[in-house]
Amino acid sequence: MTMKLTVLDHPLVDHKLTVLRDKNTPSSLFRRLVSELVTLEAYEATRDLAVEDVPVETPVAPTVGKRIAGPRPLIVPILRAGLGMLDGMTSLLPTAEVGFLGMKRDESTLDIITYANRLPDDLSGRQCFLLDPMLATGGTLVAAIHYLHERGAKTITSLNIIAAPEGIKRLRETVDPSIDFHVLTCALDDHLNEQAYIVPGLGDAGDRLYGVV
Ligand code: URA
């Protein structure tokens, strides 16, 4: 078993997600809710972050605390919609480095095209966090996971807002079984429609984040 799946189960997540799904929710509120959901998700996603002991002096006595161990964790939003998740993630993990991966689906062939890459070549020892709100067919995430793994990533964790069962199945069947990775989502929805939109979903996350109509 290479894939760990976590579907968040929390009243705050459910409430915020319902407002997010509403087609009448404006972009400004949509962006804020995405940030808040990611921050809640990030708390779970960083549970296994490596830490090291560090001496600290309180006003009362010296003691030993913990701090996030190096090398710095790497946050990788997948452009464009993943960018909407970046603030929520960095607010909880401000010392992380941020890289970018531009991947999109060719709407006619449904193939994944990598059109931008601003990541360190060597990811040895790096704990990597991929951000992409909609895990639909899973094609983008499969490509991104293989990409990070080939460059030596130590751990790969994907934060999503909504996932489709078809995408989860594809990850299980297509990602190289030697790769361990963790997928978190705020909801696991019903299915994909013929246009590969998640049902009930929330529509096109990029358009709703950035106000394209
Ligand atoms: N991407 C989106 O933005 N929405 C979906 O429902 C599926 C993929």
Report task. Among the candidates Thr39, Thr114, Thr63, Thr109, single out the residue that is surrounded by 15 or more Cβ atoms within 10 Å (Cβ to Cβ) and of a type in the set (S, T, N, Q). Result -> Thr39
Query raised in the report: What residue, among those in the stretch 177-193 that are touching a residue at least 60 places away in the same chain (Cβ under 8 Å) and not aliphatic (A, V, I, L, M), is farthest from Lys23 (Cα to Cα)?
Result: Ser178
Requested in this report: Write out, first by first residue and then by second, each pair whose Cβ atoms fall under 7 Å of each other, whose residues are 6+ apart or on separate chains, and whose first residue, in the stretch 194-213, is closer than 19 Å to Asp106 by Cα and touching a residue at least 12 places away in the same chain (Cβ under 8 Å) while the second is near the ligand (Cβ under 9 Å from one of its atoms) and β-branched (Val, Ile, Thr).
Outcome: Ala196/Thr137; Ile198/Ile162
Query - Test result for Leu184, of a type outside the set (Val, Ile, Thr) and within 19 Å of Met89 (Cα to Cα) - result: yes
Query raised in the report: Could you list, in sequence order, the residues of the stretch 68-99 that are within 16 Å of the ligand (Cβ to nearest atom), touching a helix residue (DSSP H, G or I) at 6+ places or on another chain (Cβ under 8 Å) and in a strand (DSSP E or B)?
Result: Pro77, Ile78
Report task. Output the qualifying pairs, or none if there are none: Cβ atoms under 8 angstrom, residues six or more apart or on different chains, first residue in the stretch 88-113 and among the hydroxyl-bearing types (Ser, Thr, Tyr), second residue away from the ligand (no atom under 16 Å from the Cβ). Result -> Thr90/Ile75; Thr90/Ala96; Thr90/Val98; Ser91/Ser35; Ser91/Thr39; Thr95/Ile68; Thr95/Arg72; Thr95/Pro73
Requested in this report: Please identify the pairs in which a residue from the stretch 1-15 that is at pLDDT 95 or above has its Cβ atom under 7 Å from the Cβ atom of a residue that is aromatic (Phe, Trp, Tyr), counting only partners at least 6 apart or on another chain.
Outcome: Met3/Phe181
Query - Scope the stretch 138-189; condition acidic (Asp, Glu) and under 23 Å from Glu44 (Cβ atoms); matching residues - result: Asp180, Asp189
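Let's see how each residue does on (1) at pLDDT 95 or above; (2) crowded, with 23+ Cβ neighbours inside 10 Å; (3) of a type outside the set (Phe, Trp, Tyr):
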{"site": "Met85", "(1), (2), (3)": "yes, yes, yes"}
{"site": "Glu97", "(1), (2), (3)": "yes, no, yes"}
{"site": "Lys104", "(1), (2), (3)": "no, no, yes"}
{"site": "Asp132", "(1), (2), (3)": "yes, yes, yes"}
{"site": "Leu188", "(1), (2), (3)": "yes, no, yes"}
{"site": "Gln195", "(1), (2), (3)": "no, no, yes"}
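The values are calculated or read from the model by the stated rules, or taken from the named source; none is laboratory data. Keep in mind that what you see is a predicted model, and the values were worked out from it rather than measured. Neighbour counts are summed over all protein chains in view; Cβ atoms, including those assigned to glycine, are modelled from backbone coordinates with ideal geometry.
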